[in-house]
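The values are calculated or read from the model by the stated rules, or taken from the named source; none is laboratory data. Just so we're clear, the structure is a prediction, and the values are computed from it rather than from any experiment. We place every Cβ from the backbone using ideal geometry, glycine too, and count neighbours over all the protein chains shown. These area figures cover heavy atoms from the full protein model, side chains too; ligands, DNA and RNA do not enter into them. Shrake-Rupley method; radii C 1.70, N 1.55, O 1.52, S 1.80 Å.
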Amino acid sequence: MGENSKGINWSVLWKSDDWMSVWIGFLILAVFLAGMALSLPKWNWVGDGSFQGKIAGWATKVEAVAKDAEVKNEAALKEQAAALKTALDSKNRKAIGEAAGKVEAVAKEAKDKDLQKSAAKLAAGIKGDAGTSLTKVFSGDNLLKAFYLLIGFGILGIIGMALMGMPVGKFIAGFPIVFILSAVSYFIAGNSIVTYYGLEVVFWALILGLLISNLFGVPEWVKPAIKTEFFIKIGLVLLGAEVLFGTIAKVGAYGMVQSILVIGGVFYFCIWFARKMGLDDDFGAILATGVSVCGVSAAIAAGGAVKGDPKKVSHVISLVLLCAIPMLILEPLIAKAVGMLPGVAGAWIGGTIDTTGAVVAAGAIAGPEAMSVAVVVKMAQNVLIGLVAFLLAIWFAFKGQAAKGDKPSLMEIWTRFPKFVLGFIVASIVFSFFMGEAQAKSVTGITSGLRGWWFTLAFLCIGLETRFSELMKMGGGKPAVVFLVAQGVNIIWTLILAYLIFGGVLFPAPTF
């Protein structure tokens with residue numbers, strides 16, 4: 001909040017996107033805590049070419065199941081497996097899906113536990129791929145869910161625009177385009193081939209926005225609906241409900257120890273290097289936080305704390321997302337190639353890749369144990385967002401007042417502190433300590449999907465606001481150099497710490 005000659009300016013409680021994002025985030029959480037149910041549209045699909053290409057492999061596995069069932073006297077399973085083999089030979093997608101469903105049902109009744117598990121898993125996979133077709137994505141029911149989501153997000157956006165004193169009519173005109181482009185991003189990311197390579201929806205949203213902005217330009221009437229910070233701050237408040245302190249405590253303090261050491265070392269190096277390159281401390285702090293803490297979320301928090309130029313924040317976010325793509329693919333492959341321990345691989349991935357979704361995807365490539373460690377380390381870094389933002393707010397408050405020869409007031413520090421981070425912390429505390437784990441997960445099971453939509457809207461807007469010609473002009477390319485060099489240091493330093501902490505060198509290797 002700010003001060004004026006008459007005292008505290010209370011209107012910022014509803015006129016700033018910092019506070020408005022908190023209220024809307026809390027409203028969403030409260031609605032689902034009250035018991036509201038929601039079914040989100042599904043975007044996963046397997047193209048006919050990809051589906052047909054899998055049939056030969058499935059047929060071999062189904063034949064093996066049938067033979068195994070015969071040996072183990074599972075007559076019903078043998079019969080249904082044979083029927084599934086016939087359906088596969090026909091290459092009829094609908095028939096294959098129905099036959100796979102029958103195998104799955106019969107497999108669950110098998111007496112042999114190993115056969116029960118393997119047959120059910122195979123049948124479920126075939127049935128799932130058969131059912132996730134373009135027809136399902138474009139079904140009336142699925143499109144209706146997407147339409148309801150458009151209306152719901154639009155209403156929340158209209159409430160925010162109205163209370164903040166922004167032009168509601170212009171927002172209404174442009175928002176459907178922003179939402180539809182986000183839905184297109186979900187559609188692209190939902191393809192089985194794209195999913196296999198771990199390219200998540202936020203990357204496609206960013207790329208789609210960048211292509212439109214740089215090749216065609218954004219119509220003026222759409223621009224009032226491009227509300228990057230408003231969208232992403234709401235998503236960050238919802239993310240707070242998912243970051244449960246208790247979950248991290250269950251697997252020990254190793255992840256937190258690594259996170260503190262990574263953040264301290266990499267942050268200091270990046271600030272130092274940014275100054276050497278001639279960048280101001282505002283830009284250096286945003287870059288350093290984005291690299292050292294956890295990418296997009298941290299960059300937004302740092303931008304709010306230092307009162308940084310939104311263009312600088314968008315610049316850092318673009319660098320984070322573009323850099324995460326090769327890291328997502330290469331890090332797990334390197335970990336496998338050198339025989340890295342799963343715990344070490346997970347700690348390395350979780351400590352260096354700067355978006356949570358990309359961490360999960362990379363961890364999945366490295367293996368289930370590596371993924372669990374990666375998620376824990378990433379969650380530990382997420383927990384520290386609020387602390388880092390608070391320390392930055394204090395630093396820049398003192399820095400600003402020092403230039404005037406004064407000491408900063410508590411109000412100055414409070415003004416600098418990003419209020420949506422407060423919402424993040426409150427949501428995390430409430431969901432960690434004031435409700436049962438089952439209740440918390442039942443709510444976040446829904447809100448995590450909505451949080452994904454807010455992030456996707458925001459990343460699309462980042463792309464729509466970003467022009468490469470302007471990026472190259474900003475700082476003469478120096479910010480990109482600082483980010484890439486600092487990310488290189490981050491990769492090496494985090495790998496060393498991962499070996500020391502999770503590899504059994506300094507402490508007993510943890511079991512996850």
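Details
- Looking across the stretch 81-108, the residues that are of a type in the set (A, V, I, L, M), closer than 18 Å to I55 by Cβ and over 35 Å from the mean Cα position of the chain (by Cα) come down to A81, A82, A83, L84, A87, L88, A95, A99, V103.
- Qualifying residue in the stretch 163-172 (condition: among the aromatic types (F, W, Y), farther than 30 Å from I55 by Cβ and at pLDDT 90 or above): yes
- Listed by first and then second residue, the pairs with beta-carbon distance under 7 Å, at least 6 apart or on different chains, first residue in the stretch 291-313 and closer than 15 Å to F396 by Cα, second outside any helix (DSSP H, G or I) and open to solvent by less than 10 Å² (accessible area, probe 1.4 Å), are A301/P418; G304/P418; A305/P418.
- Residue that is farthest from W453 (Cα to Cα), among those in the stretch 181-196 that are touching a residue at least 12 places away in the same chain (Cβ under 8 Å) and not small (G, A, S): I193
- For the criterion of being open to solvent by less than 10 Å² (accessible area, probe 1.4 Å) and either closer than 21 Å to G423 by Cα or in contact with a helix residue (DSSP H, G or I) (Cβ under 6 Å, 6 or more places away or on another chain) (or both), A189 fails.
- Against the criterion of being among the aliphatic types (A, V, I, L, M) and closer than 14 Å to I96 by Cα, A59 qualifies.
- Qualifying residue in the stretch 139-158 (condition: among the aromatic types (F, W, Y) and either open to solvent by less than 20 Å² (accessible area, probe 1.4 Å) or under 30 Å from K15 (Cβ atoms) (or both)): yes
- Selection status of V306, under 13 Å from D354 (Cβ atoms) and not small (G, A, S): no
Residues are listed down the side, and each one gets a yes or a no for (1) at pLDDT below 70; (2) over 15 Å from the mean Cα position of the chain (by Cα); (3) open to solvent by 30 Å² or more (accessible area, probe 1.4 Å):
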| residue | (1), (2), (3) |
| --- | --- |
| A364 | yes, no, yes |
| M371 | no, no, yes |
| V376 | no, no, no |
| F390 | no, yes, yes |
| I394 | no, yes, yes |
| F398 | no, yes, yes |
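- From I446, I496, residue being farther than 25 Å from R275 by Cβ and open to solvent by 10 Å² or more (accessible area, probe 1.4 Å): I446
- Only one of the listed residues (K111, K170) is basic (K, R), farther than 30 Å from K61 by Cα and more than 25 Å from the chain's Cα centre (by Cα). That residue is K170.
- Residues of the stretch 332-354 that are surrounded by fewer than 24 Cβ atoms within 10 Å (Cβ to Cβ) and not hydrophobic (A, V, I, L, M, F, W, C): K336, G339, P342.
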